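Note sheet for the following structure.
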Amino acid sequence: MITSFYIRSFELSGGVSADTQFHFQMCIEKFGVAMTTGSNWDFRLPTEIHFGWERLSTLSAVLTNLGGRHVFAMIGRSFLNRVGETGLKDLLGPVELTVFTDIEENPSINTVDTAAARCREAGADVIVAIGGGSVLDAAKCVALLQKNDGSIRDYLYQVRKPERRGLPLVAVPTTAGTGSEVTPFAVITDPEKNAKPAISYPETFPDHAIVDPALTISMPTPVAVSTGLDAMTQALEGFWSTRATEMTRAMAFRAITLIYRNLEAACLGKDRDAIEKVTLGSVIGGTQMAMIGNTALHPLSYPLTLDYNLRHGLACAIYVPAFLRYNQPAIDARFSDLLTVLGLRTIEEFAAGFEALMQRLDAPTRLSALGVERAAIPQIVKNGVGRSTAFNPRPLTEETMIEILETML
Ligand code: NAD
């Protein structure tokens, strides 16, 4: 019996909801970007990217160009601890400054609303976000709420739609990464519903992304591993997605090769060249994701994060080897050049190599290692199907997904 997919209103934890996909469609329509697959495509990224070592030093000039006089700075605590308030002021230049640092991992609706109120009280005219995906996502929402009424809850649950663009936003990632600095997505935790709904509007693309590999060096190894594997999975899903265009696929190809070859040296060896390449792969992968979203792996990661407390990137990557194997008949031709560049002969070699890489990075590769039992798999699949599941290159049913996950015990 074939069970058809249901579409959950909100996919959970760190991904793109069905409603987000709908809003993403709106972005596409507003920007005139076609979502065609194959040889007809359009591409427009409203975010201006500034990439390279020490590019953080351009922040002050970027703010001047934006005409910012009063900056609301949403700053990750680890960054502020490193540079201090004086260092932050030096970076921002001659502007009035209000600093907000109370942003937890997976930021909540309450945090966003509190920050938005603080920003309004301050009368800021530009927002700077420096931190991981959590800080960047919160800042996108705060920027939106400066010019649009209500709580972020209203926008997460489509009670309201933005009527105007928010404050200008400069996004500076310190992880590599979610790619949030170049996407319209913002994932916010709703503790009442134990859910992570997301927004995605044309208004929520950052205006500028300053991507400086130096900022990621201080990541503790588990954070570097998880965020790097998130970037790798996003690129892989983009490469095999049925929504991919020639343009996004070219970007995904490059992102995969950069991250796959360099992740271990970046995370375990703190090698400078490898760190640069993983950071570059993350922003390139994020850019293609901004256009086409994900496939089956991201929604499947949410139950592992919510119910088994697994970091987002690890929860996505754990599925990669099994899905490479399942998708093999549908992706053999498309992956042929990629495999050659990676020095691999078959999809099976890629799957085995990816699994070995995860083991060297101390990332879990078996569901049983998380405490998942066979009896729990149908519920994981039920909770882990989302709209983007439909973009997997080989058709999936709940039954086939259960079979795939059973091979991962
Ligand atoms: P994070 O922002 O939650 O940060 C993880 C931890 O690392 C935090 O404790 C943080 O303080 C610390 N940290 C960050 N940078 C550091 C550095 N350079 N040195 C030392 N410590 C550092 O992690 P993340 O993976 O970047 O972001 C995850 C969030 O992003 C989730 O909420 C997820 O849902 C969301 N996300 C968003 C998108 C998008 O497109 N908007 C895509 C994927 C995930």
**Asked** Hey, among Asp362, Asp337, which residue is in contact (Cβ under 8 Å) with a residue 60 or more places away in the chain and assigned to a loop (DSSP other than H, G, I, E, B)?
**Response** Asp362
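Considering only the stretch 109-197, give the strands (runs of 3 or more DSSP E) lying wholly within it that have at least 1 residues that are away from the ligand (no atom under 16 Å from the Cβ). So that I can check it myself, show each step before the final result.
Working: elements: 126-131, 169-173, 185-187.
Qualifying strands (runs of 3 or more DSSP E): 126-131.
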**Subset tally (residues that are of a type in the set (D, E, K, R) and in contact with a helix residue (DSSP H, G or I) (Cβ under 7 Å, 6 or more places away or on another chain)) for the stretch 368-381** = 1
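Among the listed residues Glu203, Glu246, which satisfies the condition of being at negative phi, in the same structural domain as Arg82 (by TED's automatic domain parsing), over 14 Å from the mean Cα position of the chain (by Cα) and among the charged types (D, E, K, R)? Before the answer, list the steps.
Working: Glu246 fails: in the same structural domain as Arg82 (by TED's automatic domain parsing).
One residue alone meets the criteria, Glu203.
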**Request:** Can you work out which of the residues in the stretch 287-313 that are within 12 Å of the ligand (Cβ to nearest atom) and of a type in the set (Gly, Ala, Ser) is farthest from Thr178 (Cα to Cα)?
**Result:** Ser301
**Prompt:** Which of the residues that make up the stretch 159-177 are without any contact (Cβ under 8 Å) to a residue 60 or more places away in the chain and surrounded by fewer than 24 Cβ atoms within 10 Å (Cβ to Cβ)?
**Reply:** Val159, Arg160, Lys161, Pro162, Glu163, Arg164, Arg165, Gly166
**Asked** Across the stretch 268-297, what is the number of residues that are out of contact with any Lys or Arg (no Cβ under 9 Å at 6 or more places or on another chain), buried (at least 24 other Cβ atoms within 10 Å of the Cβ) and not in a helix (DSSP H, G or I)?
**Response** 2
**Complete:** Checked Leu300, Leu342, Leu370 against criteria (open to solvent by less than 10 Å² (accessible area, probe 1.4 Å) and either at pLDDT 95 or above or closer than 20 Å to Phe239 by Cα (or both)); the one match is Leu300
**Fill in**
Among the residues of the stretch 93-108, the number that are within 16 Å of the ligand (Cβ to nearest atom) and either touching a Pro at 6+ places or on another chain (Cβ under 9 Å) or of a type in the set (D, E, K, R) (or both) is 4
**Message:** Would you confirm whether or not the stretch 212-230 contains a residue that is more than 12 Å from the ligand (Cβ to nearest atom) and within 17 Å of the chain's Cα centre (by Cα)?
**Reply:** no
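The values are calculated or read from the model by the stated rules, or taken from the named source; none is laboratory data. Fair warning: this is a prediction, and the values are worked out from it, not measured in the lab. Positions of Cβ are backbone-derived with ideal geometry, glycine not excepted, and every protein chain shown enters the neighbour counts. The protein model used for the area step is the full one, side chains on, heavy atoms only, and it has no ligands, DNA or RNA in it. Shrake-Rupley method; radii C 1.70, N 1.55, O 1.52, S 1.80 Å.
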